[in-house]
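I have placed the structure first, in the form of C-alpha cells, so that the comments after it can refer back to it.
The values are calculated or read from the model by the stated rules, or taken from the named source; none is laboratory data. Here the structure is a predicted model, which is why all the values come from computation and not from measurement. Quick reminder, even Gly has a Cβ in these numbers, built from the backbone with ideal geometry, and neighbours come from all protein chains shown.
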Amino acid sequence: MKAQTEVAQAQDTGFFGHPRGLATLFFTEFWERWGYYGMRSLLILFLLAPATNGGLGFEQTKASAIYGLFTAMAYMVALPGGWVADRILGQRKSVLYGGVIIAAGYLMLAVPSEPVFYLGLLLVIIGTGLLKPNISTIVGQLYQQGDRRRDSGFSIFYMGINMGAFFAPLACGLVARHYGWRVGLSLAGIGMVLGVVQYVLGWKHLGEAGLHPVTTSPAEDAKQKTLFLQVSAALVTVLVLLVGADLTGLLTITAEGLNAAAGTGLLVVTLGFFAWLFFAADWSAEERKKIIVIGVLFAASCLFWSAFEQAGSTLNLFAADKTDNRIFGWEYPPSWLQSLNGLFIWTLAPVFAWLWFKLGRHEPASPAKFAWGLVLVGLGYAILLPPALTAATGVKVSPMWLTGTYLLHTFGELCLSPVGLSAITKLAPARVAGLMMGVWFLSISIGNYLGGRVSGFYEALPLPSLFGAVAAFAVGAGLILALIARPITRLMGGVK
C-alpha cells in the first residue's frame with residue numbers, strides 16, 4: 001500500500017506538473033494570507049487614526065506595541081499548533097479548525113467595541129497557530145524524499161501566499177477609505193470563509209497527507225491529550241484571572257506591558273525548546289547534525305524577519321507620512337504600497353523556482369541562500385537613506401524609493417522563505433515534523449516581535465539613523481553566514 005501511494009504521488013502532475021492537492025493548499029493559503037496581509041496593511045494606521053476618523057487614536061509606542069505583539073503571537077503559537085497536529089488532530093484537521101477560528105476572529109473586527117476587537121485579534125492568533133505550520137507540512141508530504149519538484153512546489157505554494165498579499169491591501173485599503181476602518185478589516189474574514197469552503201471541497205485531492213496524527217501507543221496518546229487539556233485549562237484560567245484583575249483595578253494591563261512580557265516569554269520558550277531539542281531528545285548522530293543546521297537557519301530567519309516585517313509598521317508609516325501617494329493627481333491609500341511585495345513574489349516566484357531547478361547540482365545550499373536573503377533585505381533599507389534625508393526637510397518623496405526597497409526585499413524573501421519551508425521538511429525528523437515546522441514559524445514570531453520594537457523608534461530616532469542601523473545589522477549578519485555556509489552545509493548530510 002505504501003509503495004502504491006509513493007508511485008501515485010510521483011505520477012500525480014495535475015497542477016502545473018505538481019500533485020493536484022497542491023492546488024487545494026495553494027488557494028487555502030491564498031485566502032488565509034488575504035486576511036492576514038489585508039488586516040496588516042491597515043492595523044497600525046487604524047490604531048493611530050483619531051477616533052473622529054474611526055480609529056482608536058493610540059500613541060505611537062502603544063500602537064507599535066500592539067502591532068508587534070499581534071504579529072509575533074500569530075507566529076509564536078505555530079509551535080503549540082504543530083504539536084497539537086502531531087499528537088492530537090493531525091495536520092489536515094488542524095488546518096480546517098484553524099481556518100474557521102481565523103474567519104470568526106476577522107469578522108469580529110467589524111464590531112465597534114474595543115474589547116471585541118482585542119478578542120478578534122486573539123482568535124486570529126489562535127487560528128493562525130493551527131493553520132500556518134500545518135498547511136506547510138502537508139505541502140511537504142505531497143512529495144516523496146528525493147522528488148526534485150519539492151523546492152519548486154514550495155515556490156508555487158508561495159505564489160498563493162503572495163497573490164493574497166497582493167490583492168488584499170488593494171481591496172481592504174479601498175474599502176477602508178470609503179466605508180471605514182472596521183469594514184476594511186472585516187473584509188479579511190470574508191476571504192477566510194471562502195478559503196475554508198474551498199479547502200473542504202478539495203479535501204479528497206490530498207490523499208493521506210496530514211490525515212492522521214503521529215501514533216506512538218494508546219497510553220502515550222492518552223497522556224498527550226490529557227496534557228493538552230490541562231495546559232489549555234491553565235491558560236484559560238490565567239486569562240480569566242488577568243482580565244478580572246484588570247476590570248476590578250487590582251492590576252493595570254497595558255499594551256506596552258504585554259509586549260514586554262511577550263518578549264520575555266519568547267526568550268524563555270526559545271531557550272527552553274532548543275535546550276530540549278539539543279540535549280534532552282534521543283536523536284541519532286545524523287539527526288543531531290541536521291538539528292544544528294536548523295538552529296543556524298532559525299537564527300538567520302529571526303534576523304531576516306526582524307527587518308522584513310517592518311513593512312507593515314515602519315515602512316507603512318513612511319508611506320503614509322513621508323511619501324507622495326498620488327498618481328495623475330489622485331491620492332491612493334498608502335496601504336496600497338503593501339501590495340508591491342505580493343506582486344513581485346507573484347511574478348518572480350516562478351523565475352526563482354525555474355532557476356533553482358535549472359541550476360541542478362550547482363544550486364546553492366540553503367545556508368548560502370539564507371546569506372543572500374539577509375544581504376538583500378539590508379540593502380533594501382540602505383537605499384532608503386537618501387529619501388529619508390530628503391523627507392527630514394519636510395518634502396514628500398517618490399513612491400519609487402519604497403518600490404525599490406520592496407523589490408530588493410522580495411529577492412531576499414525568495415532566497416530565504418520558501419527555501420526555509422522546504423529545508424525544514426527535509427531536515428526535520430519525521431516524528432516531530434509538525435513541531436519542527438512550528439520552530440520555523442517561531443523564528444518569524446521573534447522577527448516580528450523585534451521588528452515591532454524597532455518600529456517604536458519611528459518617532460524617537462531620525463529616520464536615516466533608524467534605516468541605517470537596520471541595513472548595517474542585516475548585511476553584516478548575511479556576510480557572517482556566508483563565511484560559515486560551507487561547514488554548515490556539510491552537516492546537512494547531502495540535503496540541499
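Report yes if some residue within segment 152-172 is in contact with a strand residue (DSSP E or B) (Cβ under 7 Å, 6 or more places away or on another chain), in contact (Cβ under 8 Å) with a residue 12 or more places away in the chain and within 29 Å of THR410 (Cα to Cα); otherwise report no. Yes, there is a match, as at least one residue in segment 152-172 is in contact with a strand residue (DSSP E or B) (Cβ under 7 Å, 6 or more places away or on another chain), in contact (Cβ under 8 Å) with a residue 12 or more places away in the chain and within 29 Å of THR410 (Cα to Cα). So which residues in segment 65-118 are farther than 13 Å from ILE135 by Cα, among the hydroxyl-bearing types (Ser, Thr, Tyr) and in a helix (DSSP H, G or I)? Matches in segment 65-118: TYR67, THR71, TYR75, TYR106, TYR118. Residue count for segment 313-328 under the criterion of being surrounded by 16 or more Cβ atoms within 10 Å (Cβ to Cβ) and either in a helix (DSSP H, G or I) or touching a strand residue (DSSP E or B) at 6+ places or on another chain (Cβ under 7 Å) (or both): the result is 10.
Any residue at all in segment 447-460 that's among the charged types (D, E, K, R) and modelled with pLDDT of 90 or more?
Pass one, segment 447-460, residues among the charged types (D, E, K, R): 453, 459.
Now drop any that are not modelled with pLDDT of 90 or more, which leaves none.
No, because not a single residue in segment 447-460 is among the charged types (D, E, K, R) and modelled with pLDDT of 90 or more.
Among the residues of segment 131-142, is there at least one that is of a type outside the set (Lys, Arg) and free of Cβ contacts under 8 Å to residues at least 40 places away in the same chain? The answer is no; no qualifying residue exists. Cβ-Cβ distance below 6 Å, separation of 6 or more or different chains: which pairs start in segment 67-91 with a residue that is closer than 19 Å to SER301 by Cα and end on one that is β-branched (Val, Ile, Thr)? Final answer for the pair search is MET73/ILE125; ALA74/ILE125; ALA74/THR128; TYR75/ILE444; VAL77/ILE125. Taking segment 334-451 as the region of interest, the helices (runs of 4 or more DSSP H) fully inside it that hold 3 or more residues being in contact with a Cys (Cβ under 9 Å, 6 or more places away or on another chain) are 366-382. If LEU408 satisfies every condition in (1) closer than 20 Å to ALA471 by Cβ; (2) in contact (Cβ under 8 Å) with a residue 40 or more places away in the chain but one, which is the exception? Failed condition: (2).
If you go through segment 452-485 and keep only what is aliphatic (A, V, I, L, M) and assigned to a loop (DSSP other than H, G, I, E, B), you end up with ALA460, LEU461.
TYR143 passes every criterion in (1) crowded, with 24+ Cβ neighbours inside 10 Å; (2) in a helix (DSSP H, G or I); (3) of a type outside the set (Val, Ile, Thr) apart from (2).
Could you list, in sequence order, the residues of segment 70-94 that are more than 15 Å from the chain's Cα centre (by Cα) and within 24 Å of ASN448 (Cα to Cα)? Those that are more than 15 Å from the chain's Cα centre (by Cα) and within 24 Å of ASN448 (Cα to Cα): PRO80, TRP83, VAL84, ALA85, SER94. When GLY99, GLY21, GLY82 are screened for being closer than 21 Å to PHE154 by Cβ, of a type in the set (Gly, Ala, Ser) and at pLDDT 90 or above, only GLY99 passes.
THR216 meets the conditions (1) among the polar types (S, T, N, Q); (2) modelled with pLDDT of 65 or more; (3) not in a helix (DSSP H, G or I) in every case but one. The failed one is (2). Filtering segment 405-426 for residues that are over 27 Å from TRP356 (Cα atoms) and crowded, with 24+ Cβ neighbours inside 10 Å leaves an empty set. Of the set (1) of a type in the set (Gly, Ala, Ser); (2) in a helix (DSSP H, G or I); (3) surrounded by fewer than 24 Cβ atoms within 10 Å (Cβ to Cβ), all apply to GLY57 but (2).
Surrounded by 24 or more Cβ atoms within 10 Å (Cβ to Cβ), over 20 Å from the mean Cα position of the chain (by Cα), modelled with pLDDT of 85 or more and not polar (S, T, N, Q): is that true of ALA168 in this structure? So ALA168 fails the test.
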